[in-house]
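Step one of this worksheet: look at the structure below.
The values are calculated or read from the model by the stated rules, or taken from the named source; none is laboratory data. It should be emphasised that the depicted structure is a prediction, and the values quoted were computed from it without experimental measurement. Areas reflect the complete protein model, heavy atoms only, side chains present, ligands, DNA and RNA absent. Shrake-Rupley method; radii C 1.70, N 1.55, O 1.52, S 1.80 Å.
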Amino acid sequence: MTRSELVAQLAARFPQLVVKDADFAVKAILDAMTHALAGGHRIEIRGFGSFSLNYRPSRVSRNPRSGDRVHVPEKYVPHFKAGKELRERVDIGGA
């Protein structure tokens, strides 16, 4: 599902919500989540899952084309862990 599909679905589900307002709400939620993760915070949405940051230390890797050694710096990457309810609903739907 894309962001525009989510906005359209919200507007269709809640007739009192104009598409422009649904777009603003989705943008505000995603911006808040982005700022929280950028600030090093963890996000937990009960029944859905949690977003956190995983630390990846620096390492030496290889360029697959040339075979040259390349230094990859340390970084933090976003990580999502599905909640129990989401895992169960996906498992039922995926069978």
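Numbers for the structure displayed
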{"quantity": "Extended-chain gain in nm, criterion 0.36 nm per residue less alpha-carbon gap, residue 24 and residue 75", "calculated": "15.3 nm"}
{"quantity": "Candidate values (1) 1.02; (2) 1.13; (3) 0.98, label of the one derived for Rg/Rh (Cα atoms, Kirkwood Rh)", "calculated": "(2)"}
{"quantity": "Length-normalised contact order for the chain - Cα pairs under 8 Å, 6+ apart - percent", "calculated": "20"}
{"quantity": "Mean residue ellipticity (222 nm) of the chain, computed from DSSP H runs ≥ 4 via -39,500 (n - 2.57), nearest 500", "calculated": "-14000 deg cm²/dmol"}
{"quantity": "Accessible surface of the chain [probe 1.4 Å, protein heavy atoms]: carbon and sulfur percent", "calculated": "56"}
